[in-house]
Amino acid sequence: MAKLLGVTTSTITNWEKNRGGSALRLIPNITTFLGYDPVPETATTLGQKIKLYRRSRGLSMKKLAKKLGIDPTTLTRWERGRSVPSSRLRDRLNDLFDVLK
């Protein structure tokens with residue numbers, strides 16, 4: 001299992017003993033391995049949808065912000081509902097994922 005997920009056997013042991021969570025980057029591998037998302041989430045707000053998109057693809061805020069061409073703090077504000085993207089950036093979000101429907 002460790003080899004399939006790209007982690008060490010010690011990592012698996014720690015997960016089994018509840019000594020730490022999995023790295024965000026591993027979530028897509030874990031979901032694929034299990035055949036389902038062990039922590040399904042529903043998203044109703046734009047911020048929740050962005051966070052769900054990031055998590056399902058194993059992206060950090062920094063990586064998604066870079067992909068969108070924005071500052072990570074801007075992405076943080078969107079995810080927390082403290083601000084909303086401009087129409088230009090909403091278009092860019094739509095190009096990546098369908099969160100605005």
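The values are calculated or read from the model by the stated rules, or taken from the named source; none is laboratory data. As the structure is a prediction and not an experimental result, all values here were calculated from the model. All Cβ positions, glycine included, derive from the backbone under ideal geometry; neighbour counts span all protein chains shown. Please note that ligands, DNA and RNA were not included when accessible areas were found on the heavy atoms of the full protein model with its side chains. Shrake-Rupley method; radii C 1.70, N 1.55, O 1.52, S 1.80 Å.
Considering the range 49-80 alone, what residues qualify as being among the small types (G, A, S) and either touching a residue at least 40 places away in the same chain (Cβ under 8 Å) or under 25 Å from D37 (Cα atoms) (or both)? Steps first, answer last, please.
Quick first cut of the range 49-80, residues among the small types (G, A, S) only: 56, 58, 60, 65, 69.
S56, G58, S60, A65, listed by residue number.
For the subset of the range 34-50 comprising residues that are in contact with a Phe, Trp or Tyr (Cβ under 9 Å, 6 or more places away or on another chain) and in a helix (DSSP H, G or I), which member is surrounded by the fewest Cβ atoms within 10 Å (Cβ to Cβ)? My answer is L46.
Scanning the range 18-33 for residues that are surrounded by fewer than 15 Cβ atoms within 10 Å (Cβ to Cβ) and in a helix (DSSP H, G or I), we see that the one that is modelled with the lowest pLDDT is R25.
In the range 27-39, the residues that are closer than 11 Å to L5 by Cβ form Cβ pairs under 9 Å with partners that are among the acidic types (D, E), at six or more places apart or across chains, as follows: I27/D37; I30/D37; T31/D37.
Once the range 80-100 is narrowed to residues that are farther than 28 Å from L5 by Cα and open to solvent by less than 60 Å² (accessible area, probe 1.4 Å), the residue that is farthest from the chain's Cα centre (by Cα) is S86.
For the range 69-101, which residues satisfy the criterion of being in a helix (DSSP H, G or I), at pLDDT 90 or above and out of contact with any Pro (no Cβ under 7 Å at 6 or more places or on another chain)?
We begin by selecting, within the range 69-101, every residue in a helix (DSSP H, G or I); these are 72-79, 87-96.
Checking which are at pLDDT 90 or above leaves us with 72-79.
Listed by number, the residues that qualify are P72, T73, T74, L75, T76, R77, E79.
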